[in-house]
1. Within the range 138-158, does at least one residue satisfy the condition of being outside any loop (DSSP other than H, G, I, E, B) and within 23 Å of the chain's Cα centre (by Cα)?
2. Within the set of pairs 6+ apart or on separate chains, which have a first residue in the range 412-425 that is modelled with pLDDT of 95 or more, a second that is of a type in the set (Phe, Trp, Tyr) and within 16 Å of the ligand (Cβ to nearest atom), and C-beta atoms under 6 Å apart?
3. Suppose the filter is out of contact with any Leu (no Cβ under 8 Å at 6 or more places or on another chain), modelled with pLDDT of 95 or more and crowded, with 24+ Cβ neighbours inside 10 Å; does GLY292 pass it?
4. Find the residue count for the range 351-395, including only residues that are away from the ligand (no atom under 16 Å from the Cβ), hydrophobic (A, V, I, L, M, F, W, C) and in a strand (DSSP E or B).
5. From the residues in the range 374-401 that are out of contact with any Phe, Trp or Tyr (no Cβ under 8 Å at 6 or more places or on another chain) and surrounded by fewer than 24 Cβ atoms within 10 Å (Cβ to Cβ), which one is modelled with the highest pLDDT?
6. For the range 89-141, which positions are of a type in the set (D, E, K, R), closer than 30 Å to ASN330 by Cα and touching a Lys or Arg at 6+ places or on another chain (Cβ under 8 Å)?
7. Looking at ARG221, ARG203, ARG191, ARG212 in this structure, which one is at pLDDT below 95 and of a type in the set (Lys, Arg)?
8. Residues to consider are ASN71, ASN179; find the one that is in contact (Cβ under 8 Å) with a residue 24 or more places away in the chain, under 28 Å from the mean Cα position of the chain (by Cα) and more than 28 Å from ALA209 (Cα to Cα).
Amino acid sequence: MKPITKARMAIQFCLGMVLVSIAAAQEISPSPTPTPTPALYSPQTLSELKQLQQAALKSDYAYRQVAHLSNNIGPRLTGSAQAQKAVDYVAAELKALGLEVQLEKLMVPHWVRGEETAALVEFPGMAENTTQKIVLCALGSSVATPAEGLTAEVVVVRDFDELEALGKDKVAGKIVLFNYHFDKQMAAQSRAGDAYSQAVKYRSDGATAAGRLGAVASLIRSVGGAEFRLPHTGQNDYKPDAPKIPAGAVTAEDADLIAALVLQGTVRMHLVLTPQTLPDAPSFNVIGDLKGAEHPEQVIIVSGHLDSWDLGTGAIDDGAGVAVSMEAANLIQKLHLRPKRTIRVIAWMNEENGLAGGKTYANDHEKEIANHFAAMETDGGAGHPLGINYATKPEAKTFFEPIARILQSSGASILNLAEHPGADISPLTKLGVPGFSPIQDNRYYFNYHHTAADTLDKIVPQELAENAAVVTVTAYALANLEKPFPR
Ligand SMILES: [Zn+2]
């Protein structure tokens with residue numbers, strides 16, 4: 001497993017899901033003949049797992065949670081009043097379920113979106129005294145243009161190589177547009193995570209590369225799989241030694257428009273982006289423990305991230321992940337079951353633009369890492385789950401076969417050895433904690449990801465319940481496993 005570089009971490013922002021090919025994963029689904037595994041789970045545990053699965057498929061608790069987070073609280077960008085409201089809400093809900101709840105403090109970046117408008121003010125064939133509106137948004141961490149905006153010629157490149165080939169002479173003083181296409185075919189083949197990682201490096205590193213060559217602003221083609229003229233936001237990651245220039249994302253349609261006009265002659269754009277970076281602010285991870293009856297000190301984390309981007313209402317990214325994690329605790333309590341190990345529900349803060357929640361938790365709990373039995377994260381939307389990603393030793397697969405047989409009835413029996421089960425739990429998995437996530441159908445996830453259309457209607461209640469079943473069954477199985485994992 002190759003070490004997670006900083007660039008890799010940037011790619012992981014908002015891609016808690018693993019970069020997984022479902023086509024490849026299907027080859028390793030469990031064998032149809034049950035193998036005797038009495039040493040792994042007791043007959044009572046197996047019976048309780050079936051009860052939990054059936055209860056999860058019938059419950060609307062997770063849907064009500066994500067509905068509250070997205071409709072009643074709304075966008076939850078790190079540092080915002082809504083993010084704090086969401087912290088208080090989830091803490092109260094977990095307390096109501098009977099969990100021991102802690103708010104663990106951390107410091108978070110506080111970036112606030114401002115005005116964001118653009119227009120082409122010179123282009124071949126334009127009617128006199130007209131402009132063409134360009135639909136765009138600022139990227140997270142972007143610095144501002146002057147309040148009245150800036151006007152400059154646009155140069156279009158496909159990738160970093162084309163930018164370097166242009167060199168300083170042709171880039172200095174210009175607005176650079178990276179017109180790198182998200183690979184829709186790849187996404188249609190259930191490899192959306194791979195398509196995302198290819199394209200997202202222009203979002204994270206484009207402004208740094210363009211700034212180093214003297215550009216006055218950097219724009220990308222939105223990283224997403226559908227053309228509804230929606231800009232997709234996400235984090236930009238300035239390197240410390242590069243000049244900071246404004247960074248934005250235009251819609252796929254506007255990228256095509258600009259690229260076509262630039263081939264015909266000079267294109268100049270007026271660009272206004274007025275975001276602000278305020279001082280770092282205190283915030284919290286919400287942590288709720290359902291104490292284990294036999295090994296309370298051993299912990300299974302079940303998690304999603306509570307913060308979201310601000311354009312939509314953070315339903316699929318990642319209200320859904322928080323909601324299914326809360327559902328695991330709800331169902332175990334409702335069925336009056338008692339796990340042997342502690343199930344710890346965590347709603348992480350700041351996955352989208354800093355990962356402060358995951359990093360702070362790993363630091364604060366460093367001495368207890370050996371007691372972190374496993375960590376799960378759900379951060380790939382709410383699409384139908386196909387099985388479980390496991391990021392631990394390959395021999396752990398046999399531990400999951402009995403679980404996969406239970407999940408087979410809701411179509412989630414694939415077991416996939418994965419590298420990165422989730423961004424927030426990555427500081428823990430790097431320390432050797434076995435990591436898990438549901439494998440989710442992500443073919444349409446990037447159509448809405450980080451856009452104004454990440455809203456509750458994108459969640460199919462039954463599919464959310466199927467995800468809750470995978471998360472709940474996996475968490476309870478891990479909590480009652482008769483022996484530890486290979487790690
Ligand atoms: Zn996310």
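1. yes
2. Close Cβ pairs (under 6 Å, with a partner that is of a type in the set (Phe, Trp, Tyr) and within 16 Å of the ligand (Cβ to nearest atom)) amount to ASP424/TRP348.
3. When the stated conditions are applied, GLY292 does not pass them.
4. 5
5. So, considering only residues that are out of contact with any Phe, Trp or Tyr (no Cβ under 8 Å at 6 or more places or on another chain) and surrounded by fewer than 24 Cβ atoms within 10 Å (Cβ to Cβ), the one modelled with the highest pLDDT is HIS384.
6. Result: GLU100, single match.
7. Matching residue, one of ARG221, ARG203, ARG191, ARG212: ARG191.
8. On the way: ASN179 fails: more than 28 Å from ALA209 (Cα to Cα).
Of ASN71, ASN179, the one residue that is in contact (Cβ under 8 Å) with a residue 24 or more places away in the chain, under 28 Å from the mean Cα position of the chain (by Cα) and more than 28 Å from ALA209 (Cα to Cα) is ASN71.
The values are calculated or read from the model by the stated rules, or taken from the named source; none is laboratory data. Nothing here was measured: the structure is a model prediction, and the numbers come from that model. No Cβ is skipped: glycine too gets one built from the backbone with ideal geometry, and neighbour counts run over all protein chains shown.
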